[in-house]
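Visitor: Submitted below is the structure of interest, expressed as structure tokens.
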Amino acid sequence: MTNRDQNIVLSCILVVVAAVWTWLVIATIPPGFGGGEIGARAFPLTFGVILLVLSALLLMRLFIGKHKNPTDGDAKSPQQTAGAKIDWWPAITVFGEIILYGFLLEKIGFTLATPVIVLLLMVVNLRVRSPRLLAGMVFGVTFGCWLVFEKIFGIYMANGMWINLG
């Protein structure tokens, strides 16, 4: 399978996921109270629509854009691409971290789960070892999300069942 074919499959999967996501958000999460208020549906719906638009743009670009001829200088031939090994480890790692974040949000709440996951992502996925950078990202992302979502938008962040820091 060529890179173009892989991108087509990926963009089709993303279009389907985004469409199902958006439909589920509309079907299950009630709109905000009052005519123009932002409710619990705003962020997931915006995420679904953005994913749908970007994946549709990728799909259109793949069909409309100019294609490189496999016989051109630096392009790989279909035989070389077909035998290429797919590295699944990054995808599996990110999927596991998303599952862990959902579990930790329920058990220890947003205030503790977010720094743990940000630290894990930076150390395991990005291989960052600088203590200053790790501390800045862990506290910056946690505080920034808390400030924007809880204080500015008024959306309550998850409290933990085991530990509740409010």
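Visitor: Can you give me the number of residues within region 5-29 that are at pLDDT below 90 and either open to solvent by less than 50 Å² (accessible area, probe 1.4 Å) or closer than 23 Å to Lys151 by Cβ (or both)?
Guide: Total satisfying the criteria: 4.
Visitor: Any chance you could count how many residues in region 118-154 are open to solvent by less than 60 Å² (accessible area, probe 1.4 Å) and at pLDDT below 85?
Guide: 1
The values are calculated or read from the model by the stated rules, or taken from the named source; none is laboratory data. Since this is a predicted model, take the numbers as computed values, not measurements. For neighbour counting, all protein chains shown are included, and Cβ atoms are generated from backbone atoms with ideal geometry for every residue, glycine included. When the accessible area is computed, the model is the full protein with side chains, heavy atoms only, and any ligands, DNA or RNA have been set aside. Shrake-Rupley method; radii C 1.70, N 1.55, O 1.52, S 1.80 Å.
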